[in-house]
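Chemist: Dumping the structure here so I can ask a few things about it.
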Amino acid sequence: MNNDALMEKLVALCKRRGFIFPGSEIYGGLTGTWDYGPLGALLKQNIKQEWWKSMVQLRSDVVGVDAAIMMNPEVWKASGHLEAFTDPLVECMACHSRFRADKKEEIEIHEKTHNEKVEWTNPKKFNLLVEAKLGVIEGEKQTVYLRGEITQGVFVNFENVVSSTRVKIPFGIAQIGKAFRNEITPGNFTYRSREFEQMELEFFVRPEDKEGNKWFDYWKKERMSWYVSLGFNKEKLRFRKHEDDERAHYAKFAEDIEYDAPFGWSEFEGIHHRGDWDLSRHKLSYTDENGEKLVPWVIETSGGVDRSLLFFLLDSYKDDPSTSSGQARTVLKLHPRLAPYKVAVFPLLANKEELVKKAQGIYNDLKPQFMTAWDARGNIGKRYLSQDEAGTPWCVTVDFQTLEDDTVTVRDRDTAKQERVKIERLAGYISNKLS
Ligand code: ATP
């Protein structure tokens, strides 16, 4: 399948099955915003849960916070964002469309739409922070900024976290939350949005080259293996070092994790060595157990929830020309821990009361433990196909044999093979596969 076709099919599937809808669609949309539907909201939650588990729950050197989106504007002055959180903007003199000067491909595509040579304005710095007004008296409202990165919420709470917990350097503070950027050219579906979610770790280390480099390499490896452990095809992932002229204002050095997307290799997580940029700018420091005062360096892992969700979907999308039953299907081979529904329960026939009752009992028993879907529409083949598109790893069917021996068929999404499992073993069977 060619790249454009894959992207088109995925966008259509997202809409049709309730993963992702255009934001405010009934009012014509709002550029750069997207809403997650019933399946998308579950997938997003699962990605965030897996991230939190590996970055906070399973570690003894990381704690989590959840800071406010709106902060005192002084934060953004100190962090350098008011001055330097900019992209270079150029305008086509013929049609006044605006582009990022550093996105050469987009510029070339635009130039091809004009017959004659395109003249561009000189690049000017365009600040990406989104403004909001706070207060109740017109004329006295305060300008605040919706956070352009969630990171600053961690730094402003650095002292609060150190004094309220038992963390000792090296340690990390993790956070997941929304960020906002007035992107010049939102596009490629959710890839470049104006409202999006980040999952970030700020890891504080002693301000020494050896420590900085060691932890930078450590987190690079950790983050890449996390993505691979959740099913990404390794060949479609790579690291890319930032060139000197593309590094953010705060970064000593940086590498991105990129995915081979239909629209080219694209970043979805950055590993940044922020040095002591932020803590120094906020005039913060740390006192170690020997009473030594120091300004720690920060190694940051900054992932996008929406971009990884999009790439998990693209990577798991398969058009399967023929299954063992001979039917063509579209299947999302999502890792079972990410799949929106873990299991679906069906009565073989919707008009046989005993089957429906038995299936409902199983559905009610599984629901407290797993996201469980119910489907009694159409024929069984169609229900399987529908669950394949939703990425549900296991489908449980109650048939006439169930009424005799309390076994059900469990059909595996990826192989389309079925096996019979005792009802009493069903929850354990699913839990084992998920662990
Ligand atoms: P780009 O160069 O694509 O604009 P960036 O280098 O500015 O991205 P960072 O500031 O490093 O991005 O942000 C960290 C992560 O946040 C990115 O890897 C990405 O996953 C996510 N992110 C950043 N901007 C957006 C956006 N406009 N839409 C969706 N996710 C985003």
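The values are calculated or read from the model by the stated rules, or taken from the named source; none is laboratory data. Because the structure is predicted, anything quoted here is derived from the model rather than measured. No Cβ is skipped: glycine too gets one built from the backbone with ideal geometry, and neighbour counts run over all protein chains shown. Ligands, DNA and RNA are stripped out before the accessible areas are found, and what is left, the full protein with its side chains, is counted by its heavy atoms. Shrake-Rupley method; radii C 1.70, N 1.55, O 1.52, S 1.80 Å.
Chemist: Under a 10 Å cutoff between Cα atoms, tell me which one of N290, N72, N213 has the largest fluctuation in the Gaussian network model of the chain.
Modeler: N290
Chemist: Another one. Counting just the Cα atoms, what span does segment 243-380 cover along each of its three principal axes? Round to the nearest Å and put the largest first.
Modeler: Computed over segment 243-380, the largest-to-smallest principal extents equal 74, 40, 20 Å.
Chemist: Relative to the Cα centre, what is the charge dipole magnitude of segment 191-231, using +1 at the beta carbon of each Lys and Arg, -1 at the beta carbon of each Asp and Glu, and rounding to the nearest 20 debye?
Modeler: That gives a dipole near 180 debye.
Chemist: Now for a separate question. For K141, give me every one of the lysines with a C-alpha distance below 18 angstrom, ignoring sequence neighbours fewer than eight places off in its own chain.
Modeler: Correct list for K141: K133.
Chemist: Working out 0.36 nm times the residue gap between E246 and E74, then minus their Cα-Cα distance, what length gain in nm do you get to one decimal?
Modeler: 59.4 nm
Chemist: Sticking with this one: I need the semi-axes of the equivalent ellipsoid of segment 110-265: take the C-alpha gyration tensor, multiply each eigenvalue by 5, square-root it, list largest first in whole angstrom.
Modeler: They are 31, 27, 16 Å, listed from largest to smallest.
Chemist: May I pose another question? Percent of accessible area on segment 227-303 owned by carbon and sulfur, 1.4 Å probe?
Modeler: On segment 227-303, the fraction of accessible area on carbon and sulfur atoms equals 42 percent.
Chemist: Take every Cα-Cα pair in segment 323-384 and report what % of them are more than 16 Å apart. Show your work: numbers first, answer last.
Modeler: Details: 1025 of 1891 pairs.
When every Cα pair of segment 323-384 is considered, 54 percent fall beyond 16 Å.
Chemist: State the answer as a single residue: which of T185, M55, A101 lies farthest towards the positive end of the charge dipole of the chain, with beta carbon charges of +1 for Lys and Arg and -1 for Asp and Glu, about the Cα centre.
Modeler: About the Cα centre, the residue reaching furthest to the positive side is M55.
Chemist: Calculate how steeply helix 209-229 sits against the longest principal axis of the alpha-carbon atoms of the chain, using the helix alpha-carbon long axis, and give the answer as 0 to 90 degrees to the nearest 10.
Modeler: The helix 209-229 is inclined about 20 degrees to the chain.
Chemist: Looking at this model, which pairs from K15/K103; K44/K333; K333/K433; K44/K214; K53/K103 are more than 26 angstrom apart at the alpha-carbon?
Modeler: Distance filter (> 26 Å) returns K15/K103; K44/K214; K53/K103.
Chemist: Among L309, F263, H273, whose Cα sits farthest toward the positive end of the charge dipole of the chain (+1 at Cβ of Lys/Arg, -1 at Cβ of Asp/Glu, about the Cα centre)?
Modeler: Result: L309, furthest along the dipole toward the positive end.
Chemist: Okay, moving on. What angle, in degrees between 0 and 90 and rounded to the nearest 10, separates the Cα long axis of helix 104-113 from the longest principal axis of the Cα atoms of the chain?
Modeler: The angle comes out at about 80 degrees.
Chemist: Leaving out ligands, DNA and RNA but keeping every protein chain, what accessible area does T409 have, in Å² rounded to the nearest 10, with a 1.4 Å probe?
Modeler: Counting only protein heavy atoms, the figure is 10 Å².
Chemist: Could you give the longest part of the chain that holds none of the GluC sites (Glu not before Pro) found in DSSP loops with at most 11 neighbouring Cβ atoms within 10 Å?
Modeler: Numbers: sites that count: E116, E119, E138, E140, E208, E243, E289, E292.
The segment 293-435 is the longest one with no such site.
Chemist: Tell me the carbon and sulfur percent of the accessible area for segment 86-125, rounded to whole percent, probe radius 1.4 Å. Show your work: numbers first, answer last.
Modeler: Values: 1490 of 3040 Å².
Solvent-exposed carbon and sulfur of segment 86-125 make up 49 percent of the total.
Chemist: Using the basic label-point model (7 angstrom from Cα toward the beta carbon), what is the N3 to F253 distance in nanometres?
Modeler: 2.9
Chemist: Beyond 25 Å between alpha-carbons counts as too far, so tell me which of K210/K252; K48/K77; K48/K367; K9/K382; K367/K422 fall in that bin.
Modeler: Cα-Cα > 25 Å for K48/K77; rest within.
Chemist: Let me ask another. Which Rg and Dmax, in Å, describe the Cα atoms of the chain?
Modeler: 25.0, 78
Chemist: Between K133 and E354, what is the label-point separation in nm under the 7 Å Cα-to-beta-carbon projection?
Modeler: For the pair E354/K133, the computed spacing is 7.1 nm.
Chemist: Compute the accessible area per residue over the chain, keeping the other protein chains in place, probe 1.4 Å, unit Å².
Modeler: 50
Chemist: Treating only the Cβ atoms of Lys and Arg (+1) and Asp and Glu (-1) as charged, compute the dipole magnitude of the chain about its Cα centre; round to the nearest 20 debye.
Modeler: 1040
Chemist: Oh, and also: Rounded to the nearest 20 Debye, what is the dipole magnitude of segment 123-212 about its Cα centre when Lys and Arg each give +1 and Asp and Glu each give -1 at the C-beta?
Modeler: About 140 debye.
Chemist: How far is helix 380-390 tilted off the main Cα axis of the chain, in degrees rounded to 10, range 0 to 90?
Modeler: 10
Chemist: Shifting gears a bit: Which trypsin sites (Lys or Arg not before Pro) from segment 350-435 combine a DSSP loop assignment with at most 12 other Cβ atoms within 10 Å?
Modeler: On the way: sites: K352, K357, K358, R377, K382, R383, R411, R413, K417, R420, K422, R425, K433; in loops: K352, R377, R413, K417.
Hits after loop and neighbour filter: R377, K417.
Chemist: So, one more: Mind jotting down the three principal axis lengths of segment 340-434 based on Cα atoms? Whole angstrom, largest first.
Modeler: 30, 27, 24
Chemist: Taking the convex hull of the Cα atoms, report for segment 86-125 its projected area averaged over all directions, in nm².
Modeler: Over every viewing direction, the Cα hull of segment 86-125 projects on average to 2.5 nm².
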